[in-house]
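This report refers to the structure that appears directly beneath it.
The values are calculated or read from the model by the stated rules, or taken from the named source; none is laboratory data. Because the structure is a prediction, the values reported are computed rather than measured. For the accessible areas, the whole protein counts, side chains as well, though only heavy atoms, and no ligand, DNA or RNA atoms are used. Shrake-Rupley method; radii C 1.70, N 1.55, O 1.52, S 1.80 Å.
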Amino acid sequence: FKMEGHIAVPWIEYKYEHDLVGGNLLDLRFDVGPEWMQVRFGQWKADYSRERMDSSGKQQFVERSITNREFTIDRQKGVELTGRLAKGSLADSQYFAGVFTGHGLGVFRSRRVAADAADGSPMWLARYQWNPIGGGVSLSQSDLERKADPRLSLAVATSGNRSSYTRFSSSGGGQMDGFEAGAPGQYSLRQYMTEAAFKQQGFSLQQEFHWKRVRDNVNSTETHMRGSYVQAGYFFNEIYRKIPRQLEFAGRYAFVDPSTGKSNDFIHETGIVANWFFKGHADKLSVDVSRYSLAAVESNLGSRVGVRVQWDATF
């Protein structure tokens, strides 16, 4: 269940999202101030990587890439300064600088806040996005607008914190494969990311490259990770009119290197998807096929193929 809008005046905006099945509060955030400098506070998907910030209802594939599990910082509770400068010009830019509890999705209770405060240090985040062409690319996959003019966004981001967790998800804080449940403040994380997105005339492209360092302060070890994905889609009706206008094809390649200090532990993903848009992202049918090499830190399980079919409707 989603609800968003403004309160009394346009410069006080809110967004509320609740998981009716799991019973979890997903988003409750407020943006106060003009577009060039807003204060954002509450709980929301931290403004770090495009793939995670894209709504699940506006994805090209049924699921996000394998890089998302290892490198997303997901939903967090905190406060952030954000804004957009020189909109529509060559210098069109967006900035984000925030401080969060660093413990992921959670409930707003004094007991939980006290527990978070005792675990390590807060999470900090910084992201800069440059939109040099066409006002940039919105947070929505597939080029449904199919505008003739190109749009381009380039971004860099970094984040860090210390807690008992090595990864975050829609379930909150947790551990990556190969890491034990942490004691308070056991793991120090530092992450970096570069990102690009492009759209024009039915063609869409987005790409991210991630680096992550996990320092185990109890066992005095460090793990360095990296990962990337590239994803592109096209409405072939733009060049061959006999293909239905509603049909889009897309492909994706992704990899995760769980430890750069080890060999033969890469995890790969290669996938294709066909989307039929009845009414944009609000009503679409998706069929994707992906092949994964399931080599993990401590085992090699070979390759697997996954097939997913999803009808996604928003009303």
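Data for the structure
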{"item": "Per-bin percent of Cα-Cα distances, region 84-224 [5 Å]", "result": "2, 9, 16, 16, 15, 12, 11, 10, 6, 3, 1, 0"}
{"item": "Where only C-alpha atoms are counted, convex hull volume of region 48-94 per residue in Å³", "result": "123 Å³"}
{"item": "Rounded accessible area of His6 (nearest 10 Å², 1.4 Å probe)", "result": "110 Å²"}
{"item": "Region 158-315 - Kirkwood radius from inverse mean 1/r over Cα pairs (Å)", "result": "18.2 Å"}
{"item": "Computed lengthening from Asn24 to Phe1, 0.36 nm per intervening residue step minus Cα-Cα distance", "result": "7.2 nm"}
{"item": "Gain upon complete extension [Leu294, Arg308; 0.36 nm per residue less C-alpha separation]", "result": "3.3 nm"}
{"item": "Within the accessible area of the chain (1.4 Å probe), percent carbon and sulfur", "result": "60 percent"}
{"item": "Pairwise Lys count, region 194-315 - Cα closer than 27 Å, eight or more residues apart or different chains", "result": "6"}
{"item": "Rg over Rh [alpha-carbon atoms, Kirkwood Rh] for the chain", "result": "0.96"}
{"item": "Per residue, in Å², the accessible surface of the chain once ligands and nucleic acids are set aside, probe 1.4 Å", "result": "49 Å²"}
